[in-house]
Amino acid sequence: MLHKLLAQEDAQLPGEALVVPQDDIEDHEEPVYGAGVLQVYLDVQRGAGDGLASRPDGVDATPGEHWPPEGAVLLIVVVDGRPDLLKQCLGPEVRARLKKEVEQMKAQDPNFRPGLVVLQVGDRDDSNLYISMKIKAAAEFALQLDKNTFKYVFCCRLFGKIGINATHMRLPKTATESEVLDSIREVNENSSIHGLIVQLPLDSVNKMDTEKVTNAVAPEKDVDGLTSVNAGKLARGDLGDCFIPCTPNGCMELIKQTGISVAGKKAVVIGRSKIVGAPMHDLLLWSHATVTTCHSRTANLTEEVSKADILVVGIGKAEMVKGEWIKKGAVVIDCGINHIPDESKPSGKRVVGDVHYTSAKEQAGFITPVPGGVGPMTVAMLMANTVLSARRFLDSHQPGKWNISYTELNLQRPVPSDIVISRSCVPKPIDCMAREVGLLSDEVELYGKTKAKVQLSIMKRLQAQPDGKYVVVTGITPTPLGEGKSTTTIGLVQALGAHLKLNVFACVRQPSQGPTFGIKGGAAGGGYSQVIPMEEFNLHLTGDIHAITAANNLVAAAIDARMFHENTQSDKALYNRLVPLSGGKRQFSPIQINRLKKLGIEKTDPATLTEEEVTRFARLDMNPDAVTWQRVLDTNDRFLRKITIGQGSTEKGFTREAQFDITVASEIMAVLALTSSLEDMRRRLANMVVATSRSGQPITSEDLGVSGALAVLMRDAIKPNLMQTLEGTPVFVHAGPFANIAHGNSSILADKIALKLVGPEGFVVTEAGFGADIGMEKFFNIKCRYSGLRPHVVVLVATVRALKMHGGGPTVTAGMPLPKEYVEENLDLLVKGCGNMKKQIENARHFGVPVVVAVNAFKTDTEAELDLICGVAKAAGAFDAVHCTHWAEGGAGAVALGQAVQRASEAPSDFKFLYDVELPIADKIRIIAQKIYGADDIELLPEAQHKGFGNLPICMAKTHLSLSHEADKKGVPTGFVVPIRDIRASVGAGFLFPLVGTMPTIPGLPTRPCFYDIDLDPETEQVNGLF
């Protein structure tokens, strides 16, 4: 092929090469390399004729072969028997190198492609032409000179594409400086763009500060190398940490290709512009040349030029430098582009450089022509800079390649309150945390300085990346005080991250404000193992729970409003209001079309429905006694457990009994926790069954017409919330479903994103609510079933006090001092209670996952008690058991736990579900009751008989204070039958929840709630009293 031939050191064309008469070439210029050269022209018009009889390499064309290949353009080769400066720089080497680099990046990340944006203000013809060249070069790397601009010096189409996404962003001439800066900011924050060029001049009718606009480009995307940051680094010699302006960089490449060493040579640069002269001086200087910069006021310019071994000219004056000025054998790089009159040209002018070429070529050893010398190399260097920027971006954003700083704790004794500890630690800015863990700026929405939401688009970017190790933290059957699962979760991630230097994410639930102001207090962990700031974590966070409250109550309002309107209107009146006239025409909304399809009515014109179809469409006919959807509130309030609604006179006597649940008990919260995408959430919200019709048909939120509005209310809540621990490790806080009537685990989305971010050697630690019989069982059978994720390790949290309670110790009451049995050593009581721990170890092993027992130590525990628990746990089949002091010591107190979890994650595992979802409902419930709770059997009470949706997993709603259904039965109860009083369906969330006994769905306030201690300091605006 011809372009290969040109790469030879001494190019010679074969005698059989096709010669096209000059008359066939319009407006042909004189050869640029002087007289006596051989000129070969190939004027190819695709589709005309059967191709050329022979190829320029002398090989006969095969029958029917077209040469050049499809896509070739006019190719003009000028050869004079000596090396020319354009052969290698415009040959296939550049294309091949850049294409190979892009392919390597795509192999590393199949979704990745370098991106370039050229921003133009106005519509100047010269800018349009230059931009089109850049765009074409980016997409195809066709370093081709337009014949009407650069004539026929050297046009070479390099076949194949290197794969840069190039975009022309055009702003009108009326654009203001502010609008231009906003556009630049938008591109700066777009992670798919790696190069940004602001085309100069800025052709606007408004005043523009070119320096300000140029410097607004992010230095890491400044592939033109014109920002002050890149210019400063170049001047300082930091060539490996900046972008070099394309024209000077191209000049250096041309000089290098002469084979002449720059080091020690005398170089002269004529011109001191920021685009060419000044950076050219710096490049030559840092290449160890002795450099002189000349300009319009330089004395004895001819004398300075005559000393130059290397001469670079960019002064902007046509043919100013004469041949007699130039040292014999010098390398001459002409960067000038000037137009001079030429009546022989159709345009009346021709393009020349700053050097008088005809005389200079007699003196120069090497010289670049104008046009066609520096110009193509400028575009080549632009492409090279774009690929370099993309490579830097990809290298610095490799999943699992974190550059994270940790926060050192200042431990105090005695351990202060949680809020004092939280406030003593200054959190990293959350945008800094996001960068440290590999999140891109356009993937993060900041909510102040300490919390942010993460866009779901990251899942597509990271989809090809391997997951990290998956760990779930659960516990033995707890006391009413809780046994520190959240604290252990945070202590473990601080140990794995800050102390063992592993990538690690905690994924935890967002706490309800009900317990925060009730009796339990906050849920951010405690002591020196906390999520911070704890007041942000425990209060509103980013408003997700409020969004769920609004969405849930919109459904409730829609239910009662629909029943009211159906009860007070005729079919026709109801239909006409549901499908109102608009512009003299009725039209179904998309959600109403869905309902028609569900009813089997394949019509889209409201006027064509029959009376029977109108009735079926308009009337849901909900049974007021079969409405299962309740209103919610994120506050503990016992007096909302049963209410009467509709007592206002405007409701015309349509009253019914209803109730409030706490917001985290809403099915919408469970949907949020189990969804895998925005589309999946929309589908789940639509499928939620909210009532039953009088004929026994389930009524969904889609039937009500409200599901689309719910998705709108939840569009931000679906994005996980990013926070951090006291020691600077990342935390996702997302979703907070109740662990009794719902599944009690944080979101699948947060886990999936975190597993990609940590990389294959990292860890994601999540927490399951309540004891292993509740939260862990649901984590495996529901959450893992829908997520497809497989855990590597179970961490089972145990405490001395809880095991003593299970051994027969006195009743533990929240808000009351612990009896002496719990604060004094009592090994006999402890041994009796260890049966509960052994049963929970057994429960975890039912799923085939290694178990590490974490004994959460309190200051009153003795070494003998802690060692006893560890010994019993190992004997019961735990992979390992260690006692931890993370509450008092932070991550340092959980290092042994972290090491045990590391080892366990490498151990063989055989994960399996407890039951097949296709089994009958009663069989699935029976398996859970017998294998997990230790029951003899179950009893389905009348209300629990003959329920539908039998292929859904089971979410048992029972007390968390006992393995049995009776809260006062401690230890390991036996010989009991679990009564199932009803089975309800959360069809949108995707599970059935059997009710075991009486299960309040909104807590009440105690005699002395936590809010007595909570206040705001008006001077500092600090929250006091949270714990």
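The values are calculated or read from the model by the stated rules, or taken from the named source; none is laboratory data. Owing to the predicted nature of the structure, the values given are computational and were not obtained by experimental measurement. Cβ: placed from backbone, ideal geometry, glycine included. Neighbour counts: every protein chain shown. Side chains are part of the model used for accessible areas, which takes the heavy atoms of the whole protein and leaves out ligands, DNA and RNA. Shrake-Rupley method; radii C 1.70, N 1.55, O 1.52, S 1.80 Å.
Here are a few candidate values for Kirkwood radius over Cα pairs in Å: (1) 36.9; (2) 34.1; (3) 35.3. Which one was actually calculated from the structure I just gave you?
Here the calculated entry is (2).
Assigning unit charges at the beta carbon (Lys, Arg +1; Asp, Glu -1) and nothing else, what dipole magnitude in debye, to the nearest 20, does the stretch 284-385 show about its Cα centre?
Once rounded to the nearest 20, the dipole reads 60 debye.
Calculate the tail of P(r) for the stretch 289-394: the fraction of all Cα-Cα distances greater than 20 Å, expressed in %.
48 percent
Would you please put 927-934, 411-418, 1018-1025 in order of how densely packed they are, using the mean number of other Cβ atoms within 10 angstrom per residue and starting with the highest?
Answer by packing, highest mean first, reads 927-934, 411-418, 1018-1025.
Provide, in order from the shortest bin, the percent of all Cα-Cα pairs of the stretch 157-223 in each 10 Å bin, continuing until the bin that contains the maximum pair distance.
Pair shares across the bins are 18, 49, 22, 9, 1.
Taking a ≥ b ≥ c as the square roots of the Cα gyration tensor eigenvalues, with a/c under 1.5 meaning rounded and otherwise prolate when a/b beats b/c, else oblate, which class fits the stretch 925-1014?
Taking the square roots of the gyration eigenvalues as a ≥ b ≥ c, the stretch 925-1014 is oblate.
Can you list the lysines whose alpha carbon is less than 18 Å from that of K322, not counting same-chain residues fewer than 8 positions off?
Leaving aside lysines fewer than 8 places away in the same chain, those within reach of K322 are K307, K361.
Computed over the Cα atoms of the stretch 581-662, what is the ratio Rg over Rh, Rh following Kirkwood?
Here Rg/Rh amounts to 1.14.
What accessible surface, in Å², does a 1.4 Å probe find on E943, ignoring ligands, DNA and RNA and rounding to the nearest 10?
For E943, solvent-accessible area is about 120 Å².
Could you order peptides 597-608, 738-749 by the average number of other Cβ atoms within 10 Å of their residues, highest first?
738-749, 597-608
Suppose accessible area is computed on protein heavy atoms with a 1.4 Å probe; arrange D209, D544 from highest to lowest.
D209, D544
Given a 1.4 Å probe, how much area per residue of the chain is accessible, in Å²?
41 Å²
Tell me the angle of helix 863-875 to the major Cα principal axis of the chain, expressed in degrees between 0 and 90 and rounded to the nearest ten.
It works out to around 80 degrees.
Give the long-range amide H neighbours of L796: residues separated by 5 or more places, or on another chain, with amide H under 5 Å away, using H modelled in the peptide plane at 1.01 Å from N.
Residues meeting the criterion, in which the H sits 1.01 Å from N, are T474, V852, V853, A854.
What relative contact order, as a whole-number percentage, does the chain give when Cα pairs under 8 Å and 6 or more residues apart are counted?
11 percent
Using Cα atoms only, what is the angle between the long axis of helix 827-845 and the major principal axis of the chain, expressed in degrees (0 to 90) to the nearest 10?
In the chain, helix 827-845 runs at an angle near 50 degrees to the longest axis.
Placing +1 at every Lys and Arg Cβ and -1 at every Asp and Glu Cβ, with all other atoms neutral, what dipole size does the chain have around its Cα centre, in debye to the nearest 20?
With Lys and Arg at +1 and Asp and Glu at -1, about 1280 debye.
Can you give me the % of accessible surface on the chain that is carbon or sulfur? Probe 1.4 Å, all protein chains present, nothing else counted.
51 percent
Taking each pair of distinct Cα atoms in the stretch 526-665 once, what is the resulting Kirkwood hydrodynamic radius in Å?
Radius from the Kirkwood sum: 18.4 Å.
How much accessible area does S204 have with a 1.4 Å probe, in Å² rounded to the nearest 10?
Only protein atoms counted, so the area is about 30 Å².
Normalised by the empirical 2.2 N^0.38 Å for globular proteins, what value does the Cα Rg of the stretch 471-578 take?
1.70
Order 108-120, 969-981 from most to least packed using the mean count of other Cβ atoms within 10 Å.
Final packing ranking: 108-120, 969-981.
Report, to the nearest 10°, how far helix 485-494 tilts away from the longest principal axis of the Cα atoms in the chain, using its own Cα long axis and a range of 0 to 90°.
Roughly 30 degrees between the two axes.
When the scattering of the stretch 334-416 is computed by the Debye formula from its Cα atoms alone, each counted once and equally, what is log10 I(q)/I(0) at q = 0.18, 0.19 Å⁻¹?
-0.91, -0.95
Accessible area of I519, 1.4 Å probe, to the nearest 10 Å²?
That residue has around 80 Å² of solvent-accessible surface.
Could you order E761, E101 so the one with the most accessible surface comes first? Probe is 1.4 Å.
E761, E101
Where nothing but the Cβ of Lys and Arg (+1) and of Asp and Glu (-1) is charged, how large is the charge dipole of the stretch 728-781 around its Cα centre, in debye to the nearest 20?
Roughly 180 debye for the stretch 728-781.
Accessible area, 1.4 Å probe, largest first: how do K449, K307, K642 sort?
Accessible-area ranking of K449, K307, K642, largest first: K449, K642, K307.
Sequence neighbours fewer than 8 away in the same chain don't count; with that in mind, list the lysines whose C-alpha is under 16 Å from K832.
K832 reaches K804, K969, K970.
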